[in-house]
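Enquirer: Dropping a structure here in structure tokens format, bear with me for questions.
The values are calculated or read from the model by the stated rules, or taken from the named source; none is laboratory data. The shown structure was predicted, so the numbers you read here are calculated from the model rather than taken from an experiment. Glycine also receives a Cβ, built like all others from the backbone with ideal geometry; neighbour counts cover every protein chain displayed. Side chains included, ligands, DNA and RNA excluded: accessible areas come from the protein's heavy atoms. Shrake-Rupley method; radii C 1.70, N 1.55, O 1.52, S 1.80 Å.
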Amino acid sequence: MPHFRDVKRTLSQQRTEYPIKMQHAYPSVNIGWGAHTMVGNDAKALGINNALIVTTGLRGTGIVEAIQGVLKHAGVASEVFDKATPNPKDHEVMEGAKVLASGKFDGIITLGGGSSHDCGKAIKLVYSHDGQDVRTFEGAFKATKKNKIPHLAINTTSGTGSEVSCFSIINHTEKMYKMALFDPNCTPSKSVNDPLIHQCMTQELVAYTGMDALTHAVEAIASRLCVQSAYGPGLWAITEIFQNLRQSAANRNNDRAVEQMVWAEMAAAYSFNSAGLGIVHSMAHAMGGLYDAPHGLCNAIALVDVCRFNLPACPERFKMMAKAADIDVAGLSDYKAGEKFIDAIQELKDELFITQRFADLGLQEKDLDGLSKFAAADICSEGNPKDVGFNEMRAVFKGCM
């Protein structure tokens, strides 16, 4: 049996997997009931006098009109670009960048959930790089020029965290997958989270976006990057989601549950903004690109299966998450505690009436290889705690059908 003195270790032998952690910045955020009534002042403080509002599908809800009214009262002119769609496309970004480049605007306002913010972030990147193809920004730290325009993000859904993150997810329409753009230049200048606007979500959307937020916290804590500053906000988010998501979905007049989900989705975003994600998101990006499937629903479908796949790699962190979810794990091993946490996620899904599988969203056997290839190469896969290649990814996809 070897002794420690027999193990050769010198300062020239260094840890090779993510030895240096990165803590990324977040924007200033206004949070609270009625926060949207201050967006005129927020815009003026950023130097915005004529804003391009990027949004998806909110015309007719009264939200766009209300925001434009607040802006007008503060002396800020605005025009609406609402050609962005759920799972925003590369050509929509390029069209929006052309509108922004018309010379009339001195600021961009994104209004909506993750699709609006992601599209606006990418528009800002393209505009700041004089019309450069958005597809060239795929990956990490591809921006070579500073932002030329301020960005105010007004959030309407309690899930994606895009209003405070440095990620933008855009559909590559030629290759039919979702590109992940990860760059500090994506981060908004300032954000607004008003529970009053979040309260307008439907029960179904509350469920999908809430499971998206839970996935952010779980994947950030389990991430092989081991950014320990992510654990605090991520674990707190798990606590709040398990305590409030059911009530928030069931009763949109439950003000406390609605507000706590706003805080929870932000905390989960603070967690993944630096710690990264995992293959739940890689799979969701592939499904969204090929089938235009709802992102939060894709995450909800894959989360339990992926957690069972990843549990052997970091059972101690799954036990941390079980405790955050207020699960009694006294006397249990890390692994058994992790199993109880995963069972609790499945129970939460069932109580939110999320019963779909990927086959219900269009997944066919013939598409498995292509989806698995794209998902394995997705930047989020780098954070997955368990090693995953094409064969492993295909097996997990198959299990989620």
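Enquirer: Under 18 Å from a point 7 Å along the Cα-to-Cβ line of residue 28: which residues of region 134-155 have their amide N that close?
Expert: Residues 149-155 fall inside that zone.
Enquirer: Rounded to the nearest 0.05, what FRET efficiency do residue 174 and residue 142 give with R0 = 22 Å and r taken as the Cβ-Cβ distance? Could you check?
Expert: That gives a FRET efficiency of 0.75.
Enquirer: In the P(r) worked out for region 244-401, what percent of Cα pairs fall beyond 26 Å?
Expert: 31
Enquirer: Assuming a ≥ b ≥ c are the square roots of the Cα gyration tensor eigenvalues, decide whether region 221-318 counts as rounded (a/c under 1.5), prolate (otherwise, with a/b larger than b/c) or oblate.
Expert: oblate
Enquirer: Using a basic spin-label model with each label point 7 Å from the Cα along Cα→Cβ, how many nm lie between residue 323 and residue 44?
Expert: Label-label distance for residue 323 and residue 44, simple model: 4.9 nm.
Enquirer: Could you work out the local net charge near residue 47, counting Lys and Arg as +1, Asp and Glu as -1, over the other residues with Cβ closer than 14 Å to its Cβ? Walk me through the numbers before you get to the answer.
Expert: On the way: positive: 44, 148, 190; negative: 42, 106.
Result for the neighbourhood of residue 47: +1.
Enquirer: Please state the relative contact order of the chain as a whole percent: Cα pairs under 8 Å, 6+ residues apart?
Expert: Once divided by the residue count of the chain, the mean separation gives 15 percent.
Enquirer: Over region 53-118, with the other protein chains present, what is the accessible area per residue in square angstrom, probe 1.4 angstrom?
Expert: Spelled out: the 1.4 Å probe surface of region 53-118, per residue, equals 39 Å².
Enquirer: Which length gain, in nm to one decimal place, applies between residue 336 and residue 392 when the Cα-Cα distance is subtracted from 0.36 nm times their residue separation? Before the final figure, lay out the partial values.
Expert: Numbers: separation 56, 0.36 × 56 = 20.16 nm, distance 2.30 nm.
Full extension of this stretch gives 17.9 nm more.
Enquirer: How much FRET efficiency would the formula 1/(1 + (r/R0)^6) give for residue 377 and residue 228, where r is the Cβ-Cβ distance and R0 is 30 Å, rounded to 0.05?
Expert: In this case the efficiency is close to 0.65.
Enquirer: Shape of region 123-202 from its Cα gyration tensor (a ≥ b ≥ c, root eigenvalues): rounded if a/c is under 1.5, otherwise prolate when a/b > b/c, or oblate? Don't skip to the end; give the middle numbers.
Expert: Numbers: a/c = 2.51, a/b = 1.50, b/c = 1.67.
The shape class here is oblate.
Enquirer: Additional query: What full-extension length gain, to one decimal in nm, is calculated for residue 102 and residue 85 as 0.36 nm per residue of separation minus the Cα-Cα distance?
Expert: 4.0 nm
Enquirer: On to the next question. Kindly identify the chain as rounded, prolate or oblate by the Cα gyration tensor criterion: order the square roots of the eigenvalues as a ≥ b ≥ c, call it rounded if a/c is under 1.5, otherwise compare a/b with b/c, prolate if a/b is larger, else oblate.
Expert: Prolate, because a/c is 1.5 or more and a/b exceeds b/c.
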